[in-house]
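Worksheet for the structure shown next.
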Amino acid sequence: MDRLREEAWDRALHADGTAYLFKQRGRFYKILVTTSTALALVPAIVVGTVALGGLDPRVAVAVMGVVGIPLALLSVWSLAANWQDRYAAATQSAGVNQQLDDAYKQLLADATVDEAEFRRRLQVLQTQDGAQRDRDLNQHVTDAEMRRGLRAALRTRGKECSTCNLKPTDMKPTDCGVCGEFPRQWWRR
Ligand SMILES: [Zn+2]
């Protein structure tokens, strides 16, 4: 039973850390998607303003000459890098991992379950967890992101890191190879 509980704790910690890193990714891609969508509207706004007589067509041509190519490049880049899909994947994973973390914690807190029931419920969660981990693999999570996520999960739980034996109280990276060594800025990976 102790081994099963330990497995559930480890899985909850992992799910919590993964939820954290995908929430951050979601925030990052949301900014990219929103900005590129807004900028893509610039040509339509310029043309519309000319049509309404609010802008000299020669000025409009000059404006588009300056911003046209950067805007086209931006939209090609946004399509090639699949920001929209990455944003959707991050949101999906953050949600599922959050639910998994809650479910593991609920199972651990339930004093009425015997060993057989615990094992059965853990297996169900592990199957869901495994499917999500497969999906997450396609998102190419970096080791630094995993360490940042683990630090966040340890901090939430008030637990110490098994390697540096420190309880994280903030998200400032240390030189620990398990709960540190990630870029200080949240948008970098
Ligand atoms: Zn550590």
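The values are calculated or read from the model by the stated rules, or taken from the named source; none is laboratory data. Because the structure is a prediction, the values reported are computed rather than measured. Virtual Cβ from ideal backbone geometry, glycine too; neighbours counted across all protein chains shown.
Structure notes:
- Any hit, region 153-172, residues being near the ligand (Cβ under 8 Å from one of its atoms), of a type in the set (S, T, N, Q), outside the structural domain of ARG86 (by TED's automatic domain parsing) and surrounded by 15 or more Cβ atoms within 10 Å (Cβ to Cβ): no
- Considering GLY180, GLY95, the condition of being under 21 Å from the mean Cα position of the chain (by Cα), modelled with pLDDT of 95 or more and not in a helix (DSSP H, G or I) is satisfied by GLY180 alone.
- Here LEU32 qualifies as aliphatic (A, V, I, L, M), over 30 Å from ARG157 (Cβ atoms), in contact with a Phe, Trp or Tyr (Cβ under 7 Å, 6 or more places away or on another chain) and assigned to a helix (DSSP H, G or I).
- Lone qualifier among ALA38, ALA44, ALA19, ALA116 - being in the same structural domain as ALA131 (by TED's automatic domain parsing), hydrophobic (A, V, I, L, M, F, W, C) and surrounded by 14 or more Cβ atoms within 10 Å (Cβ to Cβ): ALA19
- Residues in region 99-113 that are closer than 16 Å to ARG3 by Cα and either in contact (Cβ under 8 Å) with a residue 12 or more places away in the chain or not assigned by TED's automatic domain parsing to the domain that holds ALA15 (or both): TYR104, LYS105, LEU107, LEU108.
- Members of region 138-152 found to be within 16 Å of the ligand (Cβ to nearest atom) and surrounded by 13 or more Cβ atoms within 10 Å (Cβ to Cβ), listed by number: ALA144, GLU145, MET146, ARG147, ARG148, GLY149, LEU150, ARG151, ALA152
- Any hit, region 98-119, residues being more than 16 Å from ALA8 (Cβ to Cβ) and either among the hydroxyl-bearing types (Ser, Thr, Tyr) or within 14 Å of the ligand (Cβ to nearest atom) (or both): no
- So ARG135, is it buried (at least 17 other Cβ atoms within 10 Å of the Cβ) and either more than 21 Å from the chain's Cα centre (by Cα) or at pLDDT 95 or above (or both): no
- Condition check for ASP175: farther than 13 Å from LEU21 by Cα and within 16 Å of the ligand (Cβ to nearest atom): yes
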